[in-house]
Amino acid sequence: MTHQSPTHAATAPNEPGRQVAQLRHVLALVEQIAGRECGEEARGAALDEAARVSAAYDHSLSIDRRRFDTLAAETARWAAAGVEALLALEEREIRPQAPAARLADELSRTLKRLADTVSA
C-alpha cells in the first residue's frame, strides 16, 4: 500500500497577493499589446495592491475567500486564453490592438472586483 497525499491545494499565505500580482503582470502585457503605456508608477502601485489584497484576504470571511479564489482562478483561465489569442493574431501579423484594449479593460475591472471581494 502506498500513501498518497490529498490532491486539494490549500491557499498558502500571500497566494492571493501573488495571484493579483500575476494578473497585474498579464494586464501590463495586454496593455502593451494594445499600445498603452504602463509606467513604473503603475508597477509600484501593483505591488502595493497585491500586499493590500493579501492582508484583506487574511482578515476576510471564509465565504469571501472562496469567492475570491473562484474569481481569481476563472480570471486566470480567461486571461490566459485571451493572451494566447492575441499572440496568435500577432503571429499572423494582425495587429490586435482593439481586442487587446478590450481584454485589458475587462481584466482591470475584474482585478477591482477581486480586491472588493475581500475588502471591508
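The values are calculated or read from the model by the stated rules, or taken from the named source; none is laboratory data. Being a predicted model, the structure only gives us computed values, none of them experimental. Cβ placement follows ideal geometry from the backbone for every residue including glycine, while neighbour counts extend to all protein chains displayed.
Look through segment 75-120, keep the residues that are part of a helix (DSSP H, G or I) and acidic (Asp, Glu), and return whichever of them is surrounded by the fewest Cβ atoms within 10 Å (Cβ to Cβ). Steps first, please.
Going residue by residue through segment 75-120, those that are part of a helix (DSSP H, G or I) are 75-91, 97-118.
Then keep just the ones that are acidic (Asp, Glu); that gives 84, 90-91, 105-106, 116.
On the way: Glu84: 10, Glu90: 13, Glu91: 8, Asp105: 14, Glu106: 16, Asp116: 13.
Out of the qualifying residues, it is Glu91.
Spot the failing condition for Arg52; the list is (1) without any contact (Cβ under 8 Å) to a residue 60 or more places away in the chain; (2) surrounded by fewer than 16 Cβ atoms within 10 Å (Cβ to Cβ); (3) in a helix (DSSP H, G or I); (4) of a type outside the set (Ser, Thr, Tyr), and only one is missed.
(1)
Output the residues belonging to segment 65-74 that are small (Gly, Ala, Ser) and either under 12 Å from Val30 (Cβ atoms) or surrounded by fewer than 13 Cβ atoms within 10 Å (Cβ to Cβ) (or both). Full working, then the answer.
Pass one, segment 65-74, residues small (Gly, Ala, Ser): 72-73.
Ala73 - this is the single residue of segment 65-74 that is small (Gly, Ala, Ser) and either under 12 Å from Val30 (Cβ atoms) or surrounded by fewer than 13 Cβ atoms within 10 Å (Cβ to Cβ) (or both).
Scan segment 89-96 and tell me whether some residue there is among the β-branched types (Val, Ile, Thr) and modelled with pLDDT under 85. Lay out the reasoning, then the answer.
The first filter runs over segment 89-96 and keeps only residues among the β-branched types (Val, Ile, Thr), leaving 94.
From the residues that got through so far, the ones that are modelled with pLDDT under 85 too are none.
No, that holds for no residue.
Hey, any hits in segment 22-30 for a residue that's crowded, with 19+ Cβ neighbours inside 10 Å, in contact with a Ser or Thr (Cβ under 7 Å, 6 or more places away or on another chain) and either at pLDDT 95 or above or of a type outside the set (Gly, Ala, Ser) (or both)?
yes
Within segment 38-55, identify whether any single residue is touching a Pro at 6+ places or on another chain (Cβ under 8 Å), modelled with pLDDT of 90 or more and among the charged types (D, E, K, R), and answer yes or no.
no
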